[in-house]
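I have placed the structure first, in the form of structure tokens, so that the comments after it can refer back to it.
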Amino acid sequence: MRVFMIVFAWFLVGFCFMVNLGDCVISKSLLKEIDSVNKVGSYIGVVVPNGFEMNPLLQSSSFVASEKRPYVDISGRRFRIGTIENQRVIVVMTGLSMLNAGITTQLLLSLFNVKGVLHFGIAGNANTELEIGDVTIPKFWAHTGLWLWQRMLPLESNGDYTRSIGYLKFSDYNNDTTTQNKEYFKDNLLNRVWYQPEEVFPINTTPETRQHAFWVPVDKHYYALAKKLEGMKLEQCVNATTCLPRTPKVSRVERGASANTFVDNGAYRTFLSTKFNVTPIDMESAAVALICYQQKVPFIAIRALSDLAGGGSEVSNEASNFAPLAAQNAVAALVKFVTLLPS
């Protein structure tokens, strides 16, 4: 990995000399900064979606910024260099959505000497057995926003599309407008969508050799370590007057789902839970998982539940009320997890 980083960096330097430097994304001086960071050794990459999720970590006593080089700015991202409980880390904010999360994670892994990736943040909750404030750590992640919208399934014989994962049929969610002279369910012009796996190209295979992945596993060792987080103390109250009904807990769960959709719909929440047995629903984790899976880098995601993904009442506003508390609980679990890793 170290040799690859050096070769890759100097390839970019040579490329920049062959083209107009103003058009080169990574300048020679920036590559020297990156190389200086990598010479220190390997890092744990800490990937977080948004500022309000990241700030509790940066403001905590557990994170100590590097005095020599506290950050490196690359392609609109700030890669913060420092330590969490004496573990060398690079903390980076992705921004909202699968695309941003994927781009940022690939930059992190391509340019820095990263030995593992920890992703954290808040999420909606599709699991009726867990509550707002709880911290979830799934064993598998899926991107549930890659669909084939059916009229027919083209190119199925070529392996481009599949029926193996399942579908969402829109007429199953029609309003009941029956009369004695109408059928119980009328067809819906939206028909159905079939869920599709991602195309992946792992680094240890022949280039452009396509594989498929729907359920992406987290690192087995990381997942086993996460069991030690169960029972840790988490925050229950936003302030003196706003508290959760019970003390939040950390739970390892089977599955989480991500897509470029903020889910605030009770029917779809129930569908995702029933069809896929997911607990946290977010917009980034599966993208980070897919990049790490292809790059063969250990990965795990820690997501605190901030809302019920549409499962609450129509007048409830869980996300606005409890997102800060959920973000703090996610940070607490992340920091505790970092202490379990070998330094």
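The values are calculated or read from the model by the stated rules, or taken from the named source; none is laboratory data. Since this is a predicted model, take the numbers as computed values, not measurements. So basically every Cβ, Gly included, is an ideal-geometry build from the backbone, and we count neighbours across all protein chains shown. The protein model used for the area step is the full one, side chains on, heavy atoms only, and it has no ligands, DNA or RNA in it. Shrake-Rupley method; radii C 1.70, N 1.55, O 1.52, S 1.80 Å.
Remarks
- With an a/c value of 1.5 or above and a/b not larger than b/c for the gyration tensor axes a ≥ b ≥ c computed over the alpha-carbon atoms, the chain is described as oblate.
- Once the Cα atoms are used to define both axes, helix 98-111 deviates from the longest principal axis of the chain by about 20 degrees.
- Relative contact order of the stretch 63-164, defined on C-alpha pairs under 8 angstrom at six or more residues apart (%): 11
- Springs join every pair of Cα atoms under 10 Å in this Gaussian network model of the chain, and among Val47, Val331, Val64 the largest mean-square fluctuation is at Val64.
- Ellipticity estimate at 222 nm from DSSP helix runs (n ≥ 4, -39,500 (n - 2.57)) divided over the chain, nearest 500: -9500 deg cm²/dmol
- Fraction of beta bridges assigned by DSSP in the chain that are antiparallel (%, nearest 5): 50
- Protein-only accessible surface order, largest first, of Asp134, Asp73 at 1.4 Å: Asp73, Asp134
- Relative contact order of the chain: 25 percent, from C-alpha pairs under 8 Å at least 6 residues apart in sequence.
- Solvent-accessible ranking of Phe271, Phe120, largest area first, probe 1.4 Å: Phe271, Phe120
- With protein chains left intact and a 1.4 Å probe, residues in the chain average 50 Å² of accessible area per residue.
- Relative contact order %, the stretch 196-257, counting alpha carbon pairs below 8 Å whose residues are six or more apart: 23
- The lysines within cross-link reach of Lys68, meaning a Cα-to-Cα straight distance under 27 Å and a gap of 8 or more places when in the same chain, are Lys28, Lys32, Lys39, Lys115, Lys336.
- Computed accessible area, Lys227, all protein chains, 1.4 angstrom probe, square angstrom: 110
- Among Arg88, Arg77, Arg303, the sequence by solvent-accessible area, most first, with a 1.4 Å probe is Arg88, Arg77, Arg303.
- The Asn158 and Thr205 beta-carbon pair, evaluated with R₀ = 25 Å, returns a calculated FRET efficiency of approximately 0.80.
- Taking the longest Cα principal axis of the chain as reference, the axis of helix 28-39 is set at about 90 degrees.
- Rolling a 1.4 Å probe over the protein heavy atoms leaves Val253 with an accessible area of roughly 20 Å².
- Between 0 and 90 degrees, the angle of helix 318-340 with respect to the longest Cα principal axis of the chain falls at about 50 degrees.
- GNM top mover of Asn188, Asn86, Asn38 - the chain, alpha-carbon springs below 10 Å: Asn188
- Among the protein heavy atoms of the chain, carbon and sulfur supply 52% of the accessible surface, probe 1.4 Å, non-protein parts ignored.
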